[in-house]
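Report on the structure given below.
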2 protein chains.
Amino acid sequence: MRIIRAEIITIGDEILYGHILDTNSQWMAARLSELGIKVTKIISISDTREAILEAVQHSDSDIQLITGGLGPTKDDVTKTTLCEFTEDELKIHPVAEAHVRELFESRGLPFTEINRLQAAIPSKCEYLHNAAGTAPGMWFNHENRIIVSLPGVPVEMKYLMSEEVIPKVKERLKPPMLAHAYLKTAGIGESFLAEKIAHWEESLPEEMKLAYLPDLAEVKLRLSSFGGHTVEELQKKFEEIIPIIDDFVYAKEDVTIEKSIGELLLNQNATLSTAESCTGGNIAHQITKVAGSSSYFLGSVVSYANSVKLDILKVKSETLSNFGAVSEETVTEMALGVQRLTGSTYAIATSGIAGPGGGTPGKPVGTIWMAVTNGNETITKKLNLNRDRLGNIEYTTKAALNLLRLQLRGIWQK
Amino acid sequence: MRIIRAEIITIGDEILYGHILDTNSQWMAARLSELGIKVTKIISISDTREAILEAVQHSDSDIQLITGGLGPTKDDVTKTTLCEFTEDELKIHPVAEAHVRELFESRGLPFTEINRLQAAIPSKCEYLHNAAGTAPGMWFNHENRIIVSLPGVPVEMKYLMSEEVIPKVKERLKPPMLAHAYLKTAGIGESFLAEKIAHWEESLPEEMKLAYLPDLAEVKLRLSSFGGHTVEELQKKFEEIIPIIDDFVYAKEDVTIEKSIGELLLNQNATLSTAESCTGGNIAHQITKVAGSSSYFLGSVVSYANSVKLDILKVKSETLSNFGAVSEETVTEMALGVQRLTGSTYAIATSGIAGPGGGTPGKPVGTIWMAVTNGNETITKKLNLNRDRLGNIEYTTKAALNLLRLQLRGIWQK
């Protein structure tokens, strides 16, 4: 079986200066790996003609995916350089022009010559329609290699990869069938999970490979086959460990915990609200990122100030003065308060010290209380975290969603 | 002045599979840039002899920093490959051996032959002491180039960079000063901004370079000097265009709009609350990501369900039935409602159709209304977006923060 080799090239000085983190390449590498394509190199280079030419001149890969350097201003040279490299000339693409014009007009903005030039692409390349922005994607068939140029804005790159590049790659390169199945787990660390399923892992056939992919407060298990198994066969293999780790498994496919909770709520015809202090609205944000969440999510009260806890959520002032805002008692009243206020079936509440300031000897930075309630039963949990501010917020968000999952599935044990 | 060129090379399949994000390279690039060293390339390659040889054989840089592939197991080949490349042989380094032995003994672990081999380094390289772990760093003076090999564990890499590599680089290479200054703008597209300052940009001296770094609903301008200017001189240069683009500039340093709004609020001794429908809590989340935001942010009501708009925010039911949830009238009442409810000085409200479902011919997906109010004056704006769900949410968040900035600065014009 021939291995298809890919390179990912990111263009832009801001990555080389260390000003921004290159998250595009990881996302693209993961998508290509899923297709069974081997990423041999990920490169970040400068936004200059010389650096771009060097990257495309010397390559033994089958496909090069290039992001960045497609803005309308003159410091972006990717398009002209690729045009030079393929010995072509720029030509306005009528579909791109109509699209860019429409975008500007719909925003009530003038359609200038600079904007119009965004619709110019080398005449021999294939046009990739970018519904998420103004810079078109470009697909070059150059000698025995494919070169694809995409904008660096993550939402535009992802749109073009999903809608244009991946379907075309499948069709043209016919990558080998590489099948993956997923189990998503929460509430158990990587090493404990590995211990529980060690026996099963050792018994896997040679051509199946298990990967532990830990993320914030969760671990994704991926089972890959290089031996022609179907996804269904891999999923069946995974079923063997479900009895051992059932309480930790929130999905048998690669979906987020917020999406999987949405499905549990829909199945129970139930609704949800949140009362957030330290998470500051991030739980509501994660839930509402899921399309269709308006069917089960009613709303949230972000009670950053104590006055909001008292006046809107009706937390008792004695509770706040006796136990403090970061306490089991307060977070319980917050959950019950927002549940009554919105009339939701379930409610989540968080209160904690995200840092870097605000810690005390008794309640250091990273002390977090969470509660979930269905009105009758309220379950609470304390976390002691030691991440930075954003890390504490994001970890708490995931852990609170997992606490709700345990209540929804009725498998909570203190 | 001679520019010192550096390459950063990361070794490991986990990055190429897209399993982990390469954060080491960004950290190292930022450190090198601060020193005035130009990072020309960041590369991730496979953990194989061939890939490593290729990376060190073809390089026109002055210094190559390599991380990863230094573990004790046999699949880590960096050390033996660099030894082969420099035509040298491995030799146990006595200081390294004593250090590794002590680490194992202090943990009560046996000091095996495999552990002892961690202390072996090529005889001609300079030993870099790794107090944070067991794998030593290595400094090779190879022909006219420096090659440095460091472990990939972030805490060990950072220790070695700070304590060993950076001091040695300063002493041996004597890098020049490289300076950057920033202007952050919002509410104007890259091409319009470029047009406004084209004349100034053309007049820049050769050794200053301007970059447009667009992000969601904003553009960052970066002015870099390769000619020994100070940051203050670059900032003074930027001052020349402030009269032309003042209304769009939200910061004269590299900070986020949410941080800069926090400073405006603190200066006015004012507070803020939000009422969010389509943004689902993301505005509150962005604001509360900023440390110290509890000094000015009171809270938010995420009113996903109409019942929450009616019961908590006190939007009139006639308003909802006459104009709909996505309307200037509703979003105005939401802003005033949350401002009254929390007693905040300012309030932001959003209501729109983030998609993919929920659009109608009159109000297609991407129709968004936003309002900001100080109680006396309410300003509103309509957006017509065409991104995906998350893109619409994130764009609206930034645009709403910018609308608040315009009200805070008193420069809003319909």
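Values in this text are rule-based calculations from the coordinates and carry no lab data. Note that the structure is a prediction, hence the values are computed from the model and not measured. Here Cβ is always computed from backbone atoms with ideal geometry, including for glycine, and neighbour counts include all displayed protein chains.
Numbers below:
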{"item": "Gyration tensor (alpha-carbon) shape descriptor, region B:5-173, a/c threshold 1.5", "result": "rounded"}
{"item": "Share antiparallel - DSSP beta bridges, the protein assembly as shown, percent rounded to 5", "result": "65 percent"}
{"item": "With Cα atoms, 0 to 90° folded angle of helix A:24-34 axis to chain A main axis", "result": "90 degrees"}
{"item": "Lys, Arg +1 and Asp, Glu -1 on Cβ, resulting dipole of region A:178-251 about Cα centre, debye, nearest 20", "result": "180 debye"}
{"item": "Peptides B:352-361, A:354-363 ordered by average Cβ neighbours within 10 Å, highest first", "result": "B:352-361, A:354-363"}
{"item": "Label-point separation, residue B:317 to residue B:215 (7 Å along Cα→Cβ), nm", "result": "4.4 nm"}
{"item": "Lys, Arg +1 and Asp, Glu -1 on Cβ, resulting dipole of region A:2-143 about Cα centre, debye, nearest 20", "result": "380 debye"}
{"item": "DSSP loop GluC sites (Glu not before Pro) with at most 12 other Cβ within 10 Å excluded, longest remaining stretch of chain B", "result": "B:254-376"}
{"item": "Whole-number D in µm²/s for the protein assembly as shown (Stokes-Einstein; Kirkwood sum over Cα pairs; 37 °C, 0.692 mPa s)", "result": "113 µm²/s"}
{"item": "Centre separation in Å (Cα based) which lies between region B:49-125 and region A:336-414", "result": "45 Å"}
{"item": "Dipole of region A:5-173 [Lys/Arg +1, Asp/Glu -1 at C-beta], most positive-end residue of A:166, A:152, A:24", "result": "A:166"}
{"item": "Spread of Cα-to-Cα distances over 10 Å intervals beginning at zero, given as percent, for region A:71-159", "result": "17, 52, 28, 4, 0"}
{"item": "Straight-distance crosslink candidates among lysines, where the alpha carbon sits under 25 Å from residue A:124 and sequence neighbours closer than 8 are dropped", "result": "A:74, A:79, A:91, A:158, A:168, A:170, A:174"}
{"item": "Whole-percent pair-distance distribution, where bins are 5 Å wide, for the alpha carbons of region B:257-408", "result": "2, 11, 21, 24, 20, 13, 6, 2, 0"}
{"item": "Positive-end residue of B:183, B:77, B:313, charge dipole of the protein assembly as shown with Cβ unit charges", "result": "B:313"}
{"item": "Other protein chain Cβ atoms within 10 Å, averaged over every residue that makes up B:208-221", "result": "3"}
{"item": "Charge-dipole axis of the protein assembly as shown as Lys and Arg at +1 and Asp and Glu at -1 on Cβ define it, positive-most pick from B:33, B:348, B:402", "result": "B:348"}
{"item": "10 Å Cβ neighbours from other chains, averaged over peptide A:289-296", "result": "5"}
{"item": "Cα-centred dipole magnitude for chain B, charges only on beta-carbon of K, R (+1) and D, E (-1), debye, nearest 20", "result": "1140 debye"}
{"item": "The protein assembly as shown: calculated mean residue ellipticity at 222 nm from DSSP helix runs of at least 4, using -39500 (n - 2.57)", "result": "-10500 deg cm²/dmol"}
{"item": "DSSP bridge orientation in region B:5-173 - percent antiparallel, rounded to nearest 5", "result": "40 percent"}
{"item": "Shielding by partners, peptide B:24-33 (average Cβ within 10 angstrom, other chains)", "result": "4"}
